[in-house]
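J.: Okay, here's the structure, questions in a sec.
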Amino acid sequence: MAIEDDVLVIGGGLAGMTAALAAAAAGSSVRVVSKAESSLGHASGLLDVLGRIDGELVSDPYRAIARVDTDHPYAMLGTDRVRQAMDWFDGILGDAYTGDSHTNALVPTIAGTVTPTARYPRTMAAGLASDDRSTLLVDIDRMPAVDAPLAAARLEAAGVPFSVRGASITMPGLATDITRSHFARLVDRNETIADEPIRDQLAAAIASVHDGEARIGFPAVLGLEQPAVVIDYLSAALDADVFELPTDPPSVPGERLTRLLEAALDDAGVRMTAGVPIVDVNAADGRVRDVRGTHANTSVPYRADQYILATGGLVGGGVVADRSTVHEPLFGCHVSQPADRADWYADTPAGPHAFPRFGVHTDHEMRPLEADGMPTFVNLRAAGAVIGGADFPAQHAGSGISIATGWHAGRRAAEAIDR
Amino acid sequence: MTDPREQPPGNRDLRPGTDPCYKCGTCDASCPVADVDEDFPGPKFQGPEQWRLTRGSDRDVDPSIMACSNCMRCDGACPASVPLSQLHNTARGQYVTNQQSAFSRPAIRNRLLANYRRGAALAARFPRLANAVANNRLLRWAMDRGLGITADRELPTFATQTFRSWWEDRGGADASRERAARNCEDDPPVVAYFHGCYTNYHTVEVGKALVGLYESFGYAVTVPPQACSGTPMFANGRLDDAKREHERTLAGFRDAIADGAPILTSCTSCSMALRQEHPELFDLAGIDELAGNTWDALEYLRVHEDLADRLAAATPEESSTYVYHAPCHARNQGLARQARELLADVSGVTVTDVGDSCSGISGTYGWKAEHYGHSMAIGEPMFEHMETAPGDTGLTECPTCAMQMEHGTGYEVEHPIVVVADVLGCGLADGAYEITERSG
Ligand SMILES: Cc1cc2nc3c(=O)[nH]c(=O)nc-3n(C[C@H](O)[C@H](O)[C@H](O)COP(=O)(O)OP(=O)(O)OC[C@H]3O[C@@H](n4cnc5c(N)ncnc54)[C@H](O)[C@@H]3O)c2cc1C
Ligand code: SF4
Ligand code: SF4
């Protein structure tokens, strides 16, 4: 006997979680099985739909979908579906996120870059680069890998339309280096360090470097649980609009997004099993019958009517490259690739690599296709970075692809059960 | 390149595991100890970085490795599947073998804690005396000052009869086969139970519930001779002790392994040790077979029997409300949500999950005087969640997590197996497990 559900989603990243929510919303019983704890904690927390094409900044991501290659997942879905998926996802995000539905926002990061994105955490709203108010960026000297003066200098050199200055603060309660996630937890608890609640100490330290700037940017570490409360508190204390800047992974906004989605999955009755890689597939007559997960050397069968492959790209392990081939290791789905490995890389470092585009290709039902154009299995769909055709880091399109393909695959899987 | 340092037993090549580390820092963000202990450098350093630094050089292992609680959170967090806990276990073993004086206070204390089974075996022969002495204030003060075993915790109570002695009195495997046969058409299939020390000496009801539950599904239970699972030994870098204990367990389970019988556990740290840690570190005959046949007792029934359906159909007389904490070691075995999922379908039973915080005790970690404060600080979010959740009975698979839950909140803590056995009516009645006939 196997552990049984209507829909089994393999992979617990953004695509898998979205697919599970969409299938559950359509009335299916759903389980997500994932190899590790969610990888979404690495993500910046920004939700890009389409930020660049051929290196050029995109203003309206939906309009720009017309310009993607024909084998791009967006081309296969069509603009309307991508938009519908994002609108539906907004309902899940609720107040935590914001963003104009037609125009990409330009969000400054703590690395001193400006990144185009469709949806961003509300905590970053006061920081947009299109806003011309004077800005102070602040870091904590005890927090590695954040440097506000450097970020300010870079933003200035990039020609942002506002005056910007960076400053480092010392907090008396922090004697040793502190990670971003640790700091966020201290802020959540408003822990007393060096005889003073950390939020008060933070406000006082920032005030000592504040020189009347209209807004103050801080790395995204202002708590995992209630960043809006912390930001309101600091804004009132400093009489300026306080905002967060995205950081490198592991990122606090990525962790907040993970928690938000996990809570939504719980509410939707989705069952989740983490720590179990799916390693084996049992199929007959063109259908997946069951799959086997293994954990700590024990093998456990999972069975469903419909399956969704959301194991990620080369980073997540959903697509694997060895000396001579690129392949999808679990179901053996077809991955098209240049015959010669030398063609995997462009001649120039910034050129269009074939590499990040590797992945499975699907039909309109989101089913991976073999070289002959037939579905690998009639009850297997794919979602997220396991699908090829997009250079999503260069296009700033990662989350949008995961959300749109996950939404479509989840709904289609749920519909297929009724048939 | 040969390593000039003495290697701990069975040390396997770890390079293929460390190479994929891309220094993303996710493991550090997941580490409960790093969160509260400023002096602890975190898993990235303890694991892949330290491994590279100590390879082929006479560089010492950093003593901070002893502050890792072996909770294995970092394992589950790493996106590149770097075997962090295996690296920690190896480094800890190396530190204890090469760098720690065997007669230093921490070494003596850790040896005592790691080999708890030996002391417990003696105490269990005189349980009432042991219980009286165990929480004697003067003795506990002396243990704290002299050995660094915190006086702030209550030592677990010894059951008046051990599980094994109850099992023998009840007629052992023969009696079990007889009872199982009543619920089974053919010859009852055999399962072998690894009860571990805690069930044997303290939470005897967990073992009894397991036996009753399995017999009600028509399985004949056997309880082979066994030693410690090794969990406290890994956490204290005592790899030789762990290996010695496991050799005894492998000998005891020889028949079960040869017959391919499922090996059941009721403690998620025991199953972690049998399934993963031992085969990662040692090369012993039967070690992989034992690992591959080991199951969490509820998981086995869920996969092989209609446990979920029977639970959904059950109509317990009384309603009950639990606050559940998933032990860290349950997480890496895909078991963190199992109890909650299974009990969700039982009418009248409410289970609230207290979230993903670590309880903070991690076996022997929270018993060390120098870590007691850290242990309670790690546990604080769990205590808070427990207090705000409905109900005032805890639920968890891990005996030391249960100890911590009790210590922090004063709640009684149950084991999911006991709850499941009670719900299905094969639980404790008048001090003995009655077996209900299998329906249908
Ligand atoms: C470092 C980083 C930065 C990012 N930055 C941005 C950004 O700036 N903007 C943006 O829009 N998006 C960003 N993202 C989000 C990213 O674009 C999405 O994660 C991406 O869309 C891929 O999602 P996915 O769910 O398909 O794959 P992944 O996130 O890779 O998830 C794959 C999942 O599958 C699991 N898995 C793999 N194999 C198996 C198996 N055999 N059995 C069971 N489970 C398995 C893995 O454990 C993992 O949980 C970032 C992500 C990362 C990691
Ligand atoms: S999480 Fe894994 S890959 Fe990342 S730093 Fe830790 S060990 Fe390396
Ligand atoms: S095992 Fe636990 S305590 Fe040790 S380094 Fe990993 S997360 Fe930290």
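The values are calculated or read from the model by the stated rules, or taken from the named source; none is laboratory data. Since the structure is predicted, the reported quantities are computational estimates derived from the model, not experimental observations. Glycine gets a Cβ as well: all are built from the backbone with ideal geometry, and neighbour counts include every protein chain shown. With ligands, DNA and RNA removed, areas are computed over all heavy atoms of the protein, side chains included. Shrake-Rupley method; radii C 1.70, N 1.55, O 1.52, S 1.80 Å.
J.: Which of the following residues is of a type outside the set (G, A, S), within 16 Å of ligand 2 (Cβ to nearest atom) and either within 15 Å of A:H408 (Cα to Cα) or surrounded by fewer than 24 Cβ atoms within 10 Å (Cβ to Cβ) (or both): A:H72, A:H42? Spell out how you get there, then give the answer.
T.: Working: A:H72 fails: within 16 Å of ligand 2 (Cβ to nearest atom).
The match here is A:H42.
J.: With the structure loaded, tell me whether A:V187 is within 14 Å of chain B (Cβ to nearest Cβ), of a type in the set (A, V, I, L, M, F, W, C) and crowded, with 20+ Cβ neighbours inside 10 Å or whether it fails that test. Don't jump to the end; show me each part of the working.
T.: On the way: within 14 Å of chain B (Cβ to nearest Cβ): yes; of a type in the set (A, V, I, L, M, F, W, C): yes; crowded, with 20+ Cβ neighbours inside 10 Å: yes.
Answer is yes for this residue.
J.: Sort out which residues of region B:73-87 are within 18 Å of the chain's Cα centre (by Cα) and either within 16 Å of ligand 1 (Cβ to nearest atom) or crowded, with 24+ Cβ neighbours inside 10 Å (or both), and write them in order of number. Spell out how you get there, then give the answer.
T.: First, the residues of region B:73-87 that are within 18 Å of the chain's Cα centre (by Cα): B:73-76, B:85-86.
Across region B:73-87, the qualifying residues are B:R73, B:C74, B:D75, B:G76, B:S85.
J.: Surrounded by fewer than 24 Cβ atoms within 10 Å (Cβ to Cβ), of a type in the set (G, A, S) and assigned by TED's automatic domain parsing to the domain that holds B:A175: does that describe B:G196? Give the steps one after another, and end with the answer.
T.: Numbers: surrounded by fewer than 24 Cβ atoms within 10 Å (Cβ to Cβ): no; of a type in the set (G, A, S): yes; assigned by TED's automatic domain parsing to the domain that holds B:A175: yes.
So B:G196 does not fit the description; no.
J.: Determine, yes or no, whether B:L301 is within 12 Å of chain A (Cβ to nearest Cβ), in contact (Cβ under 8 Å) with a residue 40 or more places away in the chain and farther than 20 Å from A:V270 by Cα. Steps first, answer last, please.
T.: Details: within 12 Å of chain A (Cβ to nearest Cβ): yes; in contact (Cβ under 8 Å) with a residue 40 or more places away in the chain: yes; farther than 20 Å from A:V270 by Cα: yes.
In short, yes.
J.: Would you pick out the residues in region B:246-291 that are surrounded by fewer than 17 Cβ atoms within 10 Å (Cβ to Cβ) and within 12 Å of chain A (Cβ to nearest Cβ)?
T.: Result: B:D288, single match.
J.: For region A:165-180, what are the residues that are open to solvent by 60 Å² or more (accessible area, probe 1.4 Å) and over 28 Å from the mean Cα position of the chain (by Cα)? Spell out the reasoning first.
T.: Filtering region A:165-180 down to residues open to solvent by 60 Å² or more (accessible area, probe 1.4 Å) leaves A:165, A:168, A:170, A:172, A:175, A:177, A:179.
Of everything in region A:165-180, those that are open to solvent by 60 Å² or more (accessible area, probe 1.4 Å) and over 28 Å from the mean Cα position of the chain (by Cα) turn out to be A:R165, A:S168, A:T170, A:P172, A:A175.
J.: I need the full set of residues from region B:40-68 which are within 22 Å of B:G366 (Cα to Cα) and more than 13 Å from ligand 3 (Cβ to nearest atom), in order please.
T.: Result: B:P63, single match.
J.: Among residues belonging to region A:248-268 that are part of a loop (DSSP other than H, G, I, E, B) and either buried (at least 22 other Cβ atoms within 10 Å of the Cβ) or at pLDDT 95 or above (or both), point out the one that is farthest from the other protein chains (Cβ to nearest Cβ). It would help to see each step written out before you state the result.
T.: Narrowing region A:248-268 to residues part of a loop (DSSP other than H, G, I, E, B): A:248-251, A:268.
Within this subset, residues satisfying the condition of being either buried (at least 22 other Cβ atoms within 10 Å of the Cβ) or at pLDDT 95 or above (or both) are A:250-251, A:268.
Details: A:P250: 4, A:S251: 9, A:A268: 14 Å.
Here the answer is A:A268.
J.: When you check B:S57 against the structure, is it away from every other protein chain (no Cβ under 12 Å), surrounded by fewer than 24 Cβ atoms within 10 Å (Cβ to Cβ), over 23 Å from the mean Cα position of the chain (by Cα) and over 16 Å from B:N236 (Cα atoms), yes or no?
T.: Values: away from every other protein chain (no Cβ under 12 Å): yes; surrounded by fewer than 24 Cβ atoms within 10 Å (Cβ to Cβ): yes; over 23 Å from the mean Cα position of the chain (by Cα): yes; over 16 Å from B:N236 (Cα atoms): yes.
Answer is yes for this residue.
J.: Same structure again: Taking A:S59 as the residue in question, decide whether it is near ligand 1 (Cβ under 10 Å from one of its atoms) and either surrounded by fewer than 24 Cβ atoms within 10 Å (Cβ to Cβ) or polar (S, T, N, Q) (or both).
T.: Working: near ligand 1 (Cβ under 10 Å from one of its atoms): no; either surrounded by fewer than 24 Cβ atoms within 10 Å (Cβ to Cβ) or polar (S, T, N, Q) (or both): yes.
No; evaluated as a whole, the condition is false for this residue.
J.: Does A:A214 satisfy the condition of being at pLDDT 90 or above, small (G, A, S) and more than 24 Å from A:P121 (Cβ to Cβ)?
T.: Numbers: at pLDDT 90 or above: yes; small (G, A, S): yes; more than 24 Å from A:P121 (Cβ to Cβ): no.
It is false that A:A214 is at pLDDT 90 or above, small (G, A, S) and more than 24 Å from A:P121 (Cβ to Cβ).
J.: Return the total of residues in region B:304-328 being facing chain A (nearest Cβ under 10 Å), in contact with a Leu (Cβ under 9 Å, 6 or more places away or on another chain) and open to solvent by 20 Å² or more (accessible area, probe 1.4 Å).
T.: So the count comes out to 1.
J.: When you scan region A:278-299, how many residues do you find that are of a type outside the set (V, I, T), open to solvent by less than 40 Å² (accessible area, probe 1.4 Å) and within 14 Å of chain B (Cβ to nearest Cβ)?
T.: Count: 4.
J.: If A:A220 meets every condition in (1) among the small types (G, A, S); (2) open to solvent by less than 60 Å² (accessible area, probe 1.4 Å); (3) away from chain B (no Cβ under 14 Å); (4) more than 14 Å from A:R142 (Cα to Cα) apart from one, which number is that one?
T.: Here A:A220 clears every test but (3).
J.: Considering only helices (runs of 4 or more DSSP H) fully contained in region B:154-252, which possess at least 3 residues that are free of Cβ contacts under 8 Å to residues at least 12 places away in the same chain? Full working, then the answer.
T.: On the way: elements: B:163-169, B:172-181, B:196-201, B:204-216, B:231-235, B:239-252.
Hits in region B:154-252: B:163-169, B:172-181.
J.: Here are some residues: A:G27, A:G78. Which one is open to solvent by 10 Å² or more (accessible area, probe 1.4 Å), without any contact (Cβ under 8 Å) to a residue 24 or more places away in the chain and either among the small types (G, A, S) or within 14 Å of another protein chain (Cβ to nearest Cβ) (or both)? Lay out the reasoning, then the answer.
T.: Details: A:G27 fails: without any contact (Cβ under 8 Å) to a residue 24 or more places away in the chain.
Testing whether each residue is open to solvent by 10 Å² or more (accessible area, probe 1.4 Å), without any contact (Cβ under 8 Å) to a residue 24 or more places away in the chain and either among the small types (G, A, S) or within 14 Å of another protein chain (Cβ to nearest Cβ) (or both) leaves just A:G78.
J.: Are there any helices (runs of 4 or more DSSP H) wholly within region B:14-84 with 1 or more residues that are away from ligand 2 (no atom under 12 Å from the Cβ), without any contact (Cβ under 8 Å) to a residue 12 or more places away in the chain and more than 23 Å from B:S375 (Cβ to Cβ), and if so which?
T.: Working: elements: B:15-18, B:26-30, B:32-36, B:50-54, B:73-77.
In region B:14-84, the matching helices (runs of 4 or more DSSP H) lie at B:15-18, B:50-54.
J.: Considering only region A:153-164, I want to know if a residue exists there that is hydrophobic (A, V, I, L, M, F, W, C), surrounded by 15 or more Cβ atoms within 10 Å (Cβ to Cβ), more than 21 Å from A:S235 (Cα to Cα) and within 14 Å of another protein chain (Cβ to nearest Cβ). Even if it seems obvious, please write down each step before you answer.
T.: We begin by selecting, within region A:153-164, every residue hydrophobic (A, V, I, L, M, F, W, C); these are A:153, A:155, A:157-158, A:160, A:162, A:164.
After this cut, where a residue has to be surrounded by 15 or more Cβ atoms within 10 Å (Cβ to Cβ) as well, the list is A:153, A:155, A:160, A:162, A:164.
Filter again for more than 21 Å from A:S235 (Cα to Cα), leaving A:153, A:155, A:160.
Cutting the leftovers down to within 14 Å of another protein chain (Cβ to nearest Cβ) gives us none.
Within region A:153-164, not a single residue is hydrophobic (A, V, I, L, M, F, W, C), surrounded by 15 or more Cβ atoms within 10 Å (Cβ to Cβ), more than 21 Å from A:S235 (Cα to Cα) and within 14 Å of another protein chain (Cβ to nearest Cβ).
J.: Being more than 8 Å from chain B (Cβ to nearest Cβ) and either open to solvent by 40 Å² or more (accessible area, probe 1.4 Å) or closer than 30 Å to B:T265 by Cβ (or both) is the filter here; which residues of region A:300-310 pass it? First the steps, then the outcome.
T.: Step one: of region A:300-310, the residues more than 8 Å from chain B (Cβ to nearest Cβ) are A:302-310.
Once the filter is applied, which keeps residues that are more than 8 Å from chain B (Cβ to nearest Cβ) and either open to solvent by 40 Å² or more (accessible area, probe 1.4 Å) or closer than 30 Å to B:T265 by Cβ (or both), region A:300-310 yields A:Y302, A:R303, A:A304, A:D305.
J.: Further, regarding this structure: List the pairs whose first member sits in region A:315-330 and is within 14 Å of chain B (Cβ to nearest Cβ), whose second member is of a type in the set (S, T, Y) and crowded, with 16+ Cβ neighbours inside 10 Å, and whose Cβ atoms are under 7 Å apart, counting only residues at least 6 apart or on separate chains?
T.: A:G316/A:S39; A:G317/A:T311; A:G318/A:T311
J.: Specify the residue that is nearest to ligand 2 (Cβ to nearest atom); the eligible residues are those in region A:11-36 that are over 13 Å from A:D267 (Cα atoms) and among the polar types (S, T, N, Q).
T.: So the residue we want is A:S34.
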